[in-house]
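The values are calculated or read from the model by the stated rules, or taken from the named source; none is laboratory data. No experiment lies behind these values; they were computed from the predicted model shown. No Cβ is skipped: glycine too gets one built from the backbone with ideal geometry, and neighbour counts run over all protein chains shown.
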Amino acid sequence: MLNQRALAYLSEVVRRGSFRRAADHLNIDVSVVSRQIKALEESLGVALLHRHSSGVQVTESGQFLVDHFQGQMSAEKAVLSKLQKLQGLVSGQVAIAVGEGFIADLVSEPLESFMTAYPGIELDVTMAGMDEAIDLVTQGHVDFALLYAPPVDAQLVCHVETKHPLDLIVPAGHPLMALRRQVFLQDIEGYPLGLMNHPFGMRHLVNAVAHQERISLRARLHTNSVAVLRNFVVSGIGVTFMPQLTVIDALDDAEIGILEMAHPALNGATAQIVSRQGRALTVSAEACLEHLRRGMRFFNSDAPRLLS
């Protein structure tokens, strides 16, 4: 039988990247962690970690055990939460990874109403770009993630998917508003462009389309902040790409204009709620996911289109 304590130590070492950081997080002596993992390696007859001066690197066998252990922990949490449900108890913890573009929609009403409806459930919300959010899900650090334009990934299961095209956002009165048609990437050349950094879904999608169209997009502004891009446009400096709901307040205040893009990939962009394939959600996580599906505008319907 596998030593569960050793597996827990191994999982933490892999997550933290070193024995020292894992031991500090667990508040135990580093020699205890090292001995437990070494004993596990000897009992199994395989190397689980490659040790080097800057830390450790997990082997294929080690990653297999970490995935097995995390799956066990997830299944145990799910079983315990369902037992609580049978007893009429609604409590627990839910960890979510959320892109910044979803934040306004999340906190406008759904978050407050969920916390009111389920006072016994604690929420841990981590703001993350798409790449980081997917890592948090696949590594078991969050229950589920809210993603925009994610790639197809066999490690993920999609619970909710809605269509939210990636539109061109321009300052009010911008010359491109006079086009009265869908916009091509070529139309944007010559205007200052702001883009999210590479780990974000919006940037992945724009890059893929630009590559397909053989167009080199030169951005004047690169950022990891949706708020920075929004203000870049509202202040009249330049244009950017965002889904309509992310900037709906500025649109309602007539501070910006929104133009549909002509490319099918941009018009077909989706918002998704995903969890890790094979990981059973707890009752608390299921309740939270369903509440967000019904309460968030990003997930209770597709985005309205601007042009007929």
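General remarks:
- Scope segment 252-267; condition buried (at least 18 other Cβ atoms within 10 Å of the Cβ) and assigned to a helix (DSSP H, G or I); matching residues: Leu266
- All of (1) touching a strand residue (DSSP E or B) at 6+ places or on another chain (Cβ under 9 Å); (2) under 30 Å from Glu122 (Cα atoms) hold for Glu12 with one exception: (1).
- Among residues of segment 268-293 being surrounded by fewer than 16 Cβ atoms within 10 Å (Cβ to Cβ) and touching a residue at least 40 places away in the same chain (Cβ under 8 Å), the one that is farthest from Val79 (Cα to Cα) is Gly268.
- Val233 vs. criteria closer than 22 Å to Leu217 by Cβ, crowded, with 23+ Cβ neighbours inside 10 Å, touching a Ser or Thr at 6+ places or on another chain (Cβ under 6 Å) and not assigned by TED's automatic domain parsing to the domain that holds Val98: yes
- When segment 144-164 is filtered for residues that are assigned to a loop (DSSP other than H, G, I, E, B) and either closer than 11 Å to Val274 by Cα or among the aliphatic types (A, V, I, L, M) (or both), the ones remaining, listed by number, are Ala149, Pro150, Val152, Asp153, Ala154, Gln155.
- Candidate set from segment 232-244 (those that are in contact with a helix residue (DSSP H, G or I) (Cβ under 9 Å, 6 or more places away or on another chain) and in a helix (DSSP H, G or I)); member that is farthest from His204 (Cα to Cα): Val234
- Contact map, segment 116-143: first residue over 20 Å from Arg279 (Cα atoms) and assigned by TED's automatic domain parsing to the domain that holds Val94, second residue part of a loop (DSSP other than H, G, I, E, B) and among the aromatic types (Phe, Trp, Tyr), Cβ cut-off under 9 Å, separation 6 or more or different chains; pairs are Gly129/Phe200.
A quick yes/no check of all residues on (1) in contact with a helix residue (DSSP H, G or I) (Cβ under 9 Å, 6 or more places away or on another chain); (2) crowded, with 20+ Cβ neighbours inside 10 Å; (3) within 21 Å of Thr246 (Cα to Cα):
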| position | (1), (2), (3) |
| --- | --- |
| Ile169 | yes, yes, yes |
| Ala172 | yes, no, yes |
| Met177 | no, no, yes |
| Phe184 | no, no, no |
| Ile188 | yes, yes, yes |
| His198 | yes, no, yes |
| Ala210 | yes, no, no |
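- The set of residues in segment 199-229 that are without any contact (Cβ under 8 Å) to a residue 40 or more places away in the chain and part of a loop (DSSP other than H, G, I, E, B) comprises Arg214, Ile215, Ser216, Leu217, Arg218, Ala219, Arg220.
- Enumeration of residues in segment 147-197 that are among the hydroxyl-bearing types (Ser, Thr, Tyr) and over 20 Å from Glu132 (Cα atoms): Thr162, Tyr191
- Number of the condition not met by Val247 [criteria: (1) at pLDDT below 95; (2) more than 19 Å from Ser108 (Cβ to Cβ); (3) in a helix (DSSP H, G or I)]: (2)
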